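Visitor: Attaching a single structure in structure tokens format; questions to follow.
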Amino acid sequence: MPDPGVAIALLAAGRAERFGGGKLDALCAGKPLGAWAAQAVEAAKCAFQLVVVPTACPAFAKELKGWSLVTNTAPEEGIAGSIRIAATAAQGFSRLVIALADMPLINTAHLRALAAADGIVFTAYPDGDRGVPAAFPARCFGRLIELKGRAARLDWGEEITLFSPPSPQSLLDVDTADDLTRAQALLIGE
């Protein structure tokens, strides 16, 4: 069980331009795409759950119970803006886990491992890159609040740990209608 001081943020404020908009409310294996990642976050049982949404809040996020909704009024700034908002909302917690709402196959055990780890932890991708989900101790919140660009590319000035998820498929990030079709097939076991 993760430390009760852990906050977990689900980033859901992207503009979904490649998808044509409305991506997180698009049906995927019987429920909105964003609901899948939210379900994994809830199962991780962190002390504080927040979802960063755009001004036009996705319907799936409005349905979440026990979550804090935080609005990103400038989604054109990209992921950095949402991370800044999440880190600000997580003040007072010992750790922040960041996940994406358009990753419907994200693994709860992976989120728990990130929450329970020490230091800065990024997810290791099969291509050798690192990215989200990721987790940061409170000492990093100030840097996250000032973030511009991609968090994985910053020189953090300390050792970074990489965790591999149980399955590379769990890292499927839905950006297009084809990605949604692939996610649905994986979720229903086709």
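The values are calculated or read from the model by the stated rules, or taken from the named source; none is laboratory data. Since this is a predicted model, take the numbers as computed values, not measurements. We place every Cβ from the backbone using ideal geometry, glycine too, and count neighbours over all the protein chains shown. Accessible surface areas use protein heavy atoms only, side chains included; no ligands, DNA or RNA. Shrake-Rupley method; radii C 1.70, N 1.55, O 1.52, S 1.80 Å.
Visitor: Quick one: helix 79-89 against the long Cα principal axis of the chain, what's the angle to the nearest 10°, folded into 0 to 90?
Guide: Taking the Cα atoms of the chain, the angle to 79-89 is about 60 degrees.
Visitor: Let me ask something else about it. Under the classification rounded if a/c is under 1.5, otherwise prolate if a/b is larger than b/c and oblate if not, where does the chain fall, given a ≥ b ≥ c as square roots of the Cα gyration tensor eigenvalues? If you can, show how the numbers build up before the last one.
Guide: Working: a/c = 1.45, a/b = 1.28, b/c = 1.13.
The shape class here is rounded.
Visitor: Further, regarding this structure: How would segment 1-50 be classified by its alpha-carbon gyration tensor: rounded, prolate or oblate, with rounded meaning a/c under 1.5 and the a/b versus b/c comparison settling the rest? List each step's numbers first, then the result.
Guide: Numbers: a/c = 4.74, a/b = 1.98, b/c = 2.39.
It comes out oblate by the Cα gyration axes.
Visitor: Packing-wise, with mean Cβ within 10 Å as the measure, how do 109-116, 85-92 rank, highest first?
Guide: On the way: 109-116: 21.4, 85-92: 19.2.
Descending packing order for the listed peptides: 109-116, 85-92.
Visitor: Where does the chain land at 222 nm, in deg cm²/dmol rounded to the nearest 500, when only DSSP H runs of n ≥ 4 count, each adding -39500 (n - 2.57), divided by all residues?
Guide: On the way: 6 runs with 52 residues, N = 190.
Result for the chain, helices only: -7500 deg cm²/dmol.
Visitor: Quick check: with the 1.4 Å probe, what order do S167, S82 take by accessible area, largest first? Numbers along the way, then the final one.
Guide: Values: S167 35, S82 10 Å².
Sorted by accessible area, descending: S167, S82.
Visitor: Would you mind working out the magnitude of the charge dipole of the chain relative to its Cα centre, with +1 at each Lys and Arg C-beta and -1 at each Asp and Glu C-beta, to the nearest 20 Debye? Please list the in-between numbers first.
Guide: On the way: 17 positive and 20 negative charges, 87 e Å.
Using only the charged Cβ atoms, the result is roughly 420 debye.
Visitor: Counting DSSP beta bridges in the chain, what percent are antiparallel, to the nearest 5?
Guide: Working: 10 of 30 bridges.
If I count the DSSP bridges inside the chain, around 35 percent turn out antiparallel.
Visitor: Could you provide, to the nearest whole Å², the per residue accessible area of the chain with probe 1.4 Å?
Guide: Details: 8710 Å² over 190 residues.
Each residue of the chain exposes 46 Å² on average to a 1.4 Å probe.
Visitor: Along the charge dipole of the chain, pointing to its positive end and built from +1/-1 on Cβ of Lys, Arg, Asp and Glu, which listed residue (A35, A115, L50) has its Cα farthest out?
Guide: L50
Visitor: What's the carbon and sulfur percent of segment 52-182's accessible surface, probe 1.4 angstrom, rounded to a whole number?
Guide: Values: 3110 of 6070 Å².
The nonpolar share, carbon plus sulfur, comes to 51 percent.
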